[in-house]
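One structure is given here, and the rest of the page talks about it.
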Amino acid sequence: MNAVRQTTLGDCVTLSGVGVHSGKLARLSIAPAEADTGIVFYRSDSSQSVRACRSAVRGSDLATVLRDSSGPAVSTVEHLMACFAGLGVDNARVEIDGPEVPILDGSAGDFVAAVDAAGIVETAGPRRYLRVLKPVRIESETGFGELTPYDFGLRLEVEIDFDHAAIGHQRFAATLSPDVFRKELAAARTFGFVCDVERLWQAGYALGASLDNTICLGDEGVMNTTGLRFADEFVRHKALDAVGDLAIGGLPLLGRYRSYRGGHKLNFAVVDALLSDRSAYEIVEASIPARRSVSSNAGMVTVAVPAYAPEL
């Protein structure tokens, strides 16, 4: 059996743009990293670093904020983290010269294009996964988030329900893969309501939001002249956010994630609950045994079946 190897980038790439909440410009470079590094953010303006993991999360209200015990924070990491998780990038060094990851066009599309330009290569280390062993559920006043066992990757089942004619009730379900992420989720943009703008500005949020990086919703509907990229772009973006938030667990997940009216805070609460209960998960390595043929109505399909072994 051949072990599934960890990955990193084949080259360095650089992007720049404004932070959606801070309104400040930032230059961000992504570089290759060795096996078992994980995703590490380096603040070049302070020479401090922080690894993207559960213990580093310092905020998850309107964005995911990372910070260690002494260094400066790096905020709004969820779209970049979703890109890494969606494309299967395990290790990377992210250098940024400001407090917030650029929002770019409000989706993960530009991050995907940058990673694809750099290429994804294998490292020497075997890939490890967080395998969900039993249900873990967190409920809020209006919704819930839940992880349950599922051995075929990360299964997403995301529902939203907004009292707005342009959104209403929407649902997205898929098992995550690089192809699914590129085609179905990466281009979905963040969204916000004009009626909330004053309140957000007063709280120090959305200072860099614009029609170039956010789907803006007014009383009459979508205000962006370009319209929507998907009929259900809103729930697709919520699913994209969930991929990025769940990646804060530090390892790719083997589990089914269901959420109803969720967001960053609820997504992280579920990850935190999972990792707080050692009986709810195990860390496993994946190997690919010899291929076998599976009969289906479409004919004979050859597939690779993963086998999991607990990490010692």
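Looking at the range 111-171, the strands (runs of 3 or more DSSP E) lying wholly inside it that each contain 3 or more residues that are farther than 17 Å from Gly88 by Cβ and either open to solvent by 30 Å² or more (accessible area, probe 1.4 Å) or touching a residue at least 40 places away in the same chain (Cβ under 8 Å) (or both) sit at 136-139, 144-148, 154-162.
In the range 245-261, what residues are more than 11 Å from Leu156 (Cβ to Cβ) and open to solvent by 10 Å² or more (accessible area, probe 1.4 Å)?
From the range 245-261, those more than 11 Å from Leu156 (Cβ to Cβ) are 245, 247-252, 254, 260-261; that's our starting set.
Across the range 245-261, the qualifying residues are Ala247, Gly249, Gly250, Leu251, Pro252, Tyr260, Arg261.
May I ask you to verify whether Leu251 is at pLDDT 95 or above and part of a loop (DSSP other than H, G, I, E, B)? It is true that Leu251 is at pLDDT 95 or above and part of a loop (DSSP other than H, G, I, E, B).
Go through the range 210-227 and give me each residue that's part of a loop (DSSP other than H, G, I, E, B) and either more than 21 Å from the chain's Cα centre (by Cα) or among the acidic types (Asp, Glu) (or both).
Matches in the range 210-227: Ser210, Leu211, Asp212, Asp219, Glu220, Met223, Asn224, Thr225, Thr226, Gly227.
Do we have Ser140 as in contact with a helix residue (DSSP H, G or I) (Cβ under 6 Å, 6 or more places away or on another chain) and closer than 30 Å to Ile283 by Cα here? Break it down into steps so the answer makes sense when it comes.
Numbers: in contact with a helix residue (DSSP H, G or I) (Cβ under 6 Å, 6 or more places away or on another chain): yes; closer than 30 Å to Ile283 by Cα: yes.
Yes.
For the range 182-200, the count of residues that are surrounded by fewer than 16 Cβ atoms within 10 Å (Cβ to Cβ) and at pLDDT 95 or above is at least one.
The values are calculated or read from the model by the stated rules, or taken from the named source; none is laboratory data. Note that the coordinates shown come from a computational prediction; the quantities given were computed from them, not determined experimentally. Ideal geometry is used to build each Cβ from the backbone, glycine not excepted, and the neighbour counts take in all protein chains shown. These accessible areas exclude ligands, DNA and RNA; they are computed on the full protein's heavy atoms, side chains included. Shrake-Rupley method; radii C 1.70, N 1.55, O 1.52, S 1.80 Å.
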